[in-house]
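Just below is one structure, and these are the notes that go with it.
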Amino acid sequence: MIDLRSDTVTKPSEKMRKAMYEAEVGDDVYGDDPTVNKLEKIAAKILGKEAALFVTSGTQGNQIAGLVHCKPGQEVIMEAQAHLFLYEAAALSVFAGVQIKTLAGERGAMKPSDVEAAIRGNDIHEPETGLICIENTHNKAGGAVIPPGNMENIYQIAKRYGIPVHLDGARLFNASVATQIPVKEFAKYTDSVQFCLSKGLGAPVGSIIAGSSDFIFKARKWRKRLGGGLRQVGVLAAPGIIALEEENVNLLEIDHENAKQLAEGLLNIKGIVIENKVETNIILINITNSNKTMEIFLHQLKEHGILAGTFGPNNIRFVTNNSITKKDIDKVLLASRKILNY
Ligand SMILES: Cc1ncc(COP(=O)(O)O)c(C=O)c1O
């Protein structure tokens, strides 16, 4: 199958599997797993943060950040289409006891002036603002890169009010590769960062959260409370090291090229509208004006050996990833043309 449902569908390479097999391990709850320790050190350095922590998933990393930064009864500001708001089962409210304040963004980016206006005052009736979250790249906005300048402006406002900033950087490396700006430059406008090893970077499991040593000390405790304190987990950290140290980061460039090639081809098929500016590895299409419903189109793509998914009521999402070749893109275009009779 040509699987374009997500970049989470990547499978570990031979090199990763070998590294897993050979990984030196210890009990990570005691801090004894050398492979985990190495991964955390590498990740902290890449992000320009004091310390990092290997966590089970992007969701767990985001939740831990919310739990460290916030107190129950506070409010968290984020963009209205943020993954943290739409797709984490209201976990921040459930676990951290906070409410979410969403702001309409443009291509995923909140206006700094809107963020400042949304920060709560000292009125006894109001919750305090406990955290500001930014998502980069922005999934729902079609893998849009939030420019570091926007992040810097929001960060400066946050600092003036003494509010921490968390970055949901599930696909931060895509933003970095697309702009040729080091991840550090994005991370410096944050107090904590989460990025996924198990998306475009191709590792099978896990995310990293990073921040100050104090943040990570507290994060480690929250990870334990959430049941995420794992033992000989170096076997899962080992492919993360390959993802960061070997070719995987640069390979994202190929995903981006494939996405552009796919978007350019789809653009010429009658009935397809591309809904996003394709900057990274995500393409959102709308086929309302075609002769097929989304369900039929997806079903027929599947009959051609191609998987994609719906993304909201009007969009189909294609996500290029390291299992996709240029030939696959040609096949997707051919099949789409056939299905839509053009
Ligand atoms: C922007 C964003 N943040 C967080 C996550 C959550 O990651 P995980 O699936 O590892 O929990 C995702 C997953 O798709 C995502 O796209």
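The values are calculated or read from the model by the stated rules, or taken from the named source; none is laboratory data. Please read all numbers here as calculations on a predicted model, not as lab measurements. Every residue, glycine as well, gets a Cβ built from its backbone with ideal geometry; the counts of neighbours run over all protein chains shown.
Observations on the structure shown:
- Near pairs, Cβ below 9 angstrom, 6+ apart or cross-chain, from the stretch 175-195 (closer than 16 Å to S213 by Cβ) to any residue that is among the acidic types (D, E) and outside any loop (DSSP other than H, G, I, E, B): V193/D168
- Residues that are within 12 Å of the ligand (Cβ to nearest atom) and closer than 17 Å to G228 by Cα within the stretch 67-91 comprise E88, A91, listed in sequence order.
- Candidates V25, V36, V29 - the one that is touching a residue at least 60 places away in the same chain (Cβ under 8 Å) and assigned to a loop (DSSP other than H, G, I, E, B): V25
- Test: K45 is more than 16 Å from the ligand (Cβ to nearest atom), within 24 Å of the chain's Cα centre (by Cα), under 17 Å from F173 (Cβ atoms) and in a loop (DSSP other than H, G, I, E, B): no
- Test: residue in the stretch 289-310 that is over 26 Å from R171 (Cα atoms) and in contact with an Asp or Glu (Cβ under 9 Å, 6 or more places away or on another chain): no
- E50 meets all of the listed conditions (1) touching a residue at least 40 places away in the same chain (Cβ under 8 Å); (2) among the acidic types (D, E); (3) within 16 Å of the ligand (Cβ to nearest atom) but one, namely (3).
- Entry remark, the stretch 153-174: residues being within 15 Å of the ligand (Cβ to nearest atom) and without any contact (Cβ under 8 Å) to a residue 40 or more places away in the chain number 3 in total.
- Yes/no for G227 being in contact with a strand residue (DSSP E or B) (Cβ under 9 Å, 6 or more places away or on another chain), on the phi > 0 side of the Ramachandran plot and in the same structural domain as R107 (by TED's automatic domain parsing): no
- Residues (in a loop (DSSP other than H, G, I, E, B), away from the ligand (no atom under 11 Å from the Cβ) and more than 22 Å from E257 (Cβ to Cβ)) located in the stretch 179-209: K188, Y189, T190, D191, P204
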